[in-house]
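Encoded as structure tokens, the structure appears first; notes follow it.
The values are calculated or read from the model by the stated rules, or taken from the named source; none is laboratory data. Quick caveat: nothing in here was measured; it's all calculated off a predicted structure. Cβ sites come from the backbone with ideal geometry, for glycine too, and all protein chains shown count toward neighbours. Calculation scope for accessible area: heavy atoms of the full protein, side chains included, ligands and nucleic acids excluded. Shrake-Rupley method; radii C 1.70, N 1.55, O 1.52, S 1.80 Å.
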Amino acid sequence: MKLYEELLSLIGDRDRVSINETVLEQHGKGVAYHEGHMPDVVVFPISKEEVSQVIRFANEHGIPVVPFGAGTSLEGHIIPVNGGISLNFTLMNQILSVQPDDFIATVQPGVTRDQLNQALKKYGLFFPIDPGANASIGGMAATNASGTNSVKYGVMRDQVLGLELVLADGSIIRTGGYSYKSSAGYNLTGLFVGSEGTLGVFTEIILKLQGIPEVVSDVKATFPSIEAAGKVATMLLKAGLPIGKIELVDQKTIKVVNDYKKTSYREEPTLFMEFSGSGPDVEYSIELAQEIVSGEQCASFEFENDSLKRAQLWEARHHVAFAILAANSGMGLMSTDVCVPLSELSNALSHTREVVEAYSLDAAIFGHVGDGNYHAVLPVDPNSTEQRKRVEEVHKQIVRFALSKGGTCTGEHGIGIGKKAFLIEEHGDSLPIMRGVKVTVDPKNILNPGKIFDSVTVAPQHN
Ligand SMILES: Cc1cc2nc3c(=O)[nH]c(=O)nc-3n(C[C@H](O)[C@H](O)[C@H](O)COP(=O)(O)OP(=O)(O)OC[C@H]3O[C@@H](n4cnc5c(N)ncnc54)[C@H](O)[C@@H]3O)c2cc1C
């Protein structure tokens, strides 16, 4: 109660400081399988000055602060494991400027990607990072998100030119700027992007934009095996075609979608692709793609230019998450997120299916084949410790396989709570430097504590 009163006196608006039980619950549980923990108070700031005041106050009193964007992250990122203040950015949702001739927009962190793209249409521009959910730009920057477009445009870290952020002591700094390139000192923007709210809290984000392509065409092709589909994906990429997206869904996952949607999609490994660019380029690319796949046991090949029909073509891919949720109602979901070198992707997908079946589990398996990143989405029964252990064991085996091939435990979702042990396996040697950065910028460990690594309160020991 004392914390609430003190924050209320800082913010001065009862509507924006909440200890309502429902509001606390909404901020204490992620969308995945992790155990929740409620914050003590939720604050809805409207300016960088308020963010700074709240964080300075929290730092003085050693109170945890957990930034909250849209709450769609998948590794328990927004769960205030030690209580404290959940800082919800929904009201800081202004697009501050669009500089169409510079291909740059400056936004507050609570702007969502749909909101931004809606506003950019009139300029013939768009923002390409597309995680499956309508996430906030602040959350996307904090998790270094990506999605289906990353094969063409890269990931969030490639799009953020600069940041305004509040550090743990309440000071406000800026990193980067409005130029597309800079060699001025350490790349702090790149460090804060992907820091999951543990190093600083963004109050402004400067973003690179892209021109909307003249023509977009979508293709769906099916194959007798994952290996054949994976091989074709690599051949298409090597041919240098203007591929905007290339996704692979395994046959069992298509079956889950068919059962859910009552559809009759061919239950075969399926590649979903998008080609974008000028009209003649795209037309030529589709012809060449058809030629390439026909030499590789392709069982079916369809393409569409019309926007409605394109959406229908991708329907099976877009319904994967909902289908697996519907097939397992009442369960939590764990989404693995490894990324491997491209040449290992088919093997990794087959290995994942084998492991899932060996443990008698159900999973949707689909991948962003253009960059070697894929997901196994596994239902987790919250009431069964034994089943959860099996899911965790499967996750471990998938990660170990990826690491053994030079890959990573997370291509886009981040570490959060769920992958801390894997980060040690993957980056044990450089972890002391990561911890050192954390201790330097947040010595009292108030910013999203318990994420990325366990509590860091002492200076790192170098081996
Ligand atoms: C159906 C579904 C599909 C998804 N598909 C993808 C996908 O394809 N690719 C992908 O990358 N992700 C995907 N995700 C995960 C999720 O959408 C991303 O992780 C997204 O970036 C989270 O954004 P958010 O606004 O929801 O952030 P939140 O969940 O609110 O927060 C995420 C992290 O960012 C921090 N944070 C939030 N705001 C700030 C701020 N202002 N300053 C500093 N830190 C901040 C939080 O503390 C937390 O650590 C998917 C999720 C769902 C539910």
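Points to keep in mind about this one:
- The stretch 255-271: number of residues that are open to solvent by less than 50 Å² (accessible area, probe 1.4 Å), more than 22 Å from Pro128 (Cα to Cα) and not in a loop (DSSP other than H, G, I, E, B): 4
- Looking only at residues of the stretch 105-125 that are in a strand (DSSP E or B) and within 26 Å of Ile415 (Cα to Cα), we find that the one that is most open to solvent (accessible area, probe 1.4 Å) is Thr112.
- Those residues of the stretch 272-301 which are more than 21 Å from His368 (Cβ to Cβ), touching a Phe, Trp or Tyr at 6+ places or on another chain (Cβ under 7 Å) and either open to solvent by less than 20 Å² (accessible area, probe 1.4 Å) or modelled with pLDDT of 90 or more (or both), in sequence order: Gln290, Ala299
- Any chance Pro128 is exposed (fewer than 15 other Cβ atoms within 10 Å of the Cβ), within 24 Å of Val216 (Cα to Cα) and more than 10 Å from the ligand (Cβ to nearest atom): no
- Asp102 surrounded by fewer than 22 Cβ atoms within 10 Å (Cβ to Cβ) and touching a Leu at 6+ places or on another chain (Cβ under 9 Å): yes
- Of the residues making up the stretch 181-215, those that are small (Gly, Ala, Ser) and under 14 Å from Met434 (Cβ atoms) number 3.
- Any chance Leu236 is in contact with a Gly (Cβ under 6 Å, 6 or more places away or on another chain), modelled with pLDDT of 90 or more and assigned by TED's automatic domain parsing to the domain that holds Ala299: no
- Consider the stretch 163-219 and keep the residues that are more than 24 Å from the chain's Cα centre (by Cα) and of a type in the set (S, T, N, Q). The one that is surrounded by the most Cβ atoms within 10 Å (Cβ to Cβ) is Ser217.
- So Arg400, is it basic (Lys, Arg), away from the ligand (no atom under 16 Å from the Cβ) and within 20 Å of Lys255 (Cα to Cα): no
- Considering Asp381, Asp454, Asp442, the condition of being more than 30 Å from Trp314 (Cβ to Cβ) and open to solvent by 70 Å² or more (accessible area, probe 1.4 Å) is satisfied by Asp454 alone.
- Any hit, the stretch 159-180, residues being in a helix (DSSP H, G or I), within 12 Å of the ligand (Cβ to nearest atom), over 20 Å from Gln26 (Cβ atoms) and among the hydrophobic types (A, V, I, L, M, F, W, C): no
- Helices (runs of 4 or more DSSP H) wholly inside the stretch 1-100 that include at least 1 residues being within 16 Å of the ligand (Cβ to nearest atom): 21-26, 48-61
- Selection status of Arg353, free of Cβ contacts under 8 Å to residues at least 40 places away in the same chain and in a helix (DSSP H, G or I): no
- Condition met for Lys208 (in contact with a His (Cβ under 8 Å, 6 or more places away or on another chain) and basic (Lys, Arg)): no
- Enumeration of residues in the stretch 356-389 that are within 21 Å of Ser404 (Cα to Cα) and touching a residue at least 60 places away in the same chain (Cβ under 8 Å): Ile365, Phe366, Gly367, His368, Val369, Gly370, Asp371, Asn373, Tyr374
- If the condition is being of a type in the set (A, V, I, L, M, F, W, C) and more than 26 Å from the chain's Cα centre (by Cα), then the stretch 222-231 contributes Phe223, Ala228.
- Given (1) away from the ligand (no atom under 12 Å from the Cβ); (2) out of contact with any strand residue (DSSP E or B) (no Cβ under 6 Å at 6 or more places or on another chain); (3) open to solvent by 20 Å² or more (accessible area, probe 1.4 Å); (4) within 28 Å of Val338 (Cα to Cα), index of the condition Lys152 fails: (2)
- Comparison of Lys231, Lys238, Lys245 shows that the only residue that is charged (D, E, K, R), crowded, with 22+ Cβ neighbours inside 10 Å and closer than 29 Å to Glu315 by Cβ is Lys245.
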